[in-house]
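Colleague: Quick one: the structure is below, and I'll ask about it shortly.
Computed from the coordinates by the stated procedures, all read-outs in this text should not be read as laboratory data. All figures in this text were calculated on a predicted structure; none of them were measured in a lab. For neighbour counting, all protein chains shown are included, and Cβ atoms are generated from backbone atoms with ideal geometry for every residue, glycine included.
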Amino acid sequence: MSCEQYPPPPPPPPRRRWIIWIGLAIGCLITIGLMGFFLVPKEVEPSIYSQGQVTIRGTWGCDLDLGKETRVEDPSTDFKWNMETQVIRNLRPRNGAKFHVIGAVDFNSVKYSDLKKYSYSSDPINGNDDASNQMPQGTVIAAITSEGRYCKFRIDTYGYNIVISWVTYEKE
């Protein structure tokens, strides 16, 4: 027998070809979507280095890495709670620390990724005991500590002494 006796099979009807192409296209889109979901790096929040609550007396400093009150001349001091008069007060960054006043927001809603987006300054934060105060009770402040860690803290009690709650993150 020769090949001429067996003609090639007829091509599938056109409708079936379109179904195959549509199925392949959908399969490719699903595969690409799943690859993007699993392969896109997710923002991982670093571990917490320290957290808690601490009281800072007027004219004293604070180390936000360890969350402890410090003498102002201590090289680990991140800020001084500065008292110029009974009314004129400020939170003065020390030793390269920087701050950003976020404001009266839910402390727990401020994430590490938010802290990385803010613009930071080494300028003092107005803490005057009058209407110009930028850090009344409930204010959340973002910080980069003197050791280069991101931190957030909240003014829990405002007065001659301040009480803050803080969370400082491990370095990336």
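Colleague: Here are 147, 170: which of them is in contact with a Pro (Cβ under 6 Å, 6 or more places away or on another chain) and charged (D, E, K, R)? Show your work before the answer.
Modeller: On the way: 147 fails: in contact with a Pro (Cβ under 6 Å, 6 or more places away or on another chain).
One residue alone meets the criteria, 170.
Colleague: Looking at the structure I just gave you, is residue 58 of a type in the set (Gly, Ala, Ser), in contact with a Ser or Thr (Cβ under 7 Å, 6 or more places away or on another chain) and assigned to a loop (DSSP other than H, G, I, E, B)?
Modeller: Details: of a type in the set (Gly, Ala, Ser): yes; in contact with a Ser or Thr (Cβ under 7 Å, 6 or more places away or on another chain): no; assigned to a loop (DSSP other than H, G, I, E, B): yes.
So residue 58 fails the test.
Colleague: When both residues are 6+ apart or on different chains and their Cβ atoms are under 9 Å apart, which pairs have a first residue that lies in region 152-166 and is in contact (Cβ under 8 Å) with a residue 12 or more places away in the chain and of a type in the set (S, T, N, Q), and a second that is surrounded by fewer than 23 Cβ atoms within 10 Å (Cβ to Cβ) and not in a strand (DSSP E or B)?
Modeller: From residues that are in contact (Cβ under 8 Å) with a residue 12 or more places away in the chain and of a type in the set (S, T, N, Q), the pairs are 157/137; 161/57; 161/58; 161/60; 165/107.
Colleague: Confirm whether residue 158 is touching a helix residue (DSSP H, G or I) at 6+ places or on another chain (Cβ under 7 Å) and of a type in the set (Ser, Thr, Tyr).
Modeller: Details: touching a helix residue (DSSP H, G or I) at 6+ places or on another chain (Cβ under 7 Å): no; of a type in the set (Ser, Thr, Tyr): yes.
It is false that residue 158 is touching a helix residue (DSSP H, G or I) at 6+ places or on another chain (Cβ under 7 Å) and of a type in the set (Ser, Thr, Tyr).
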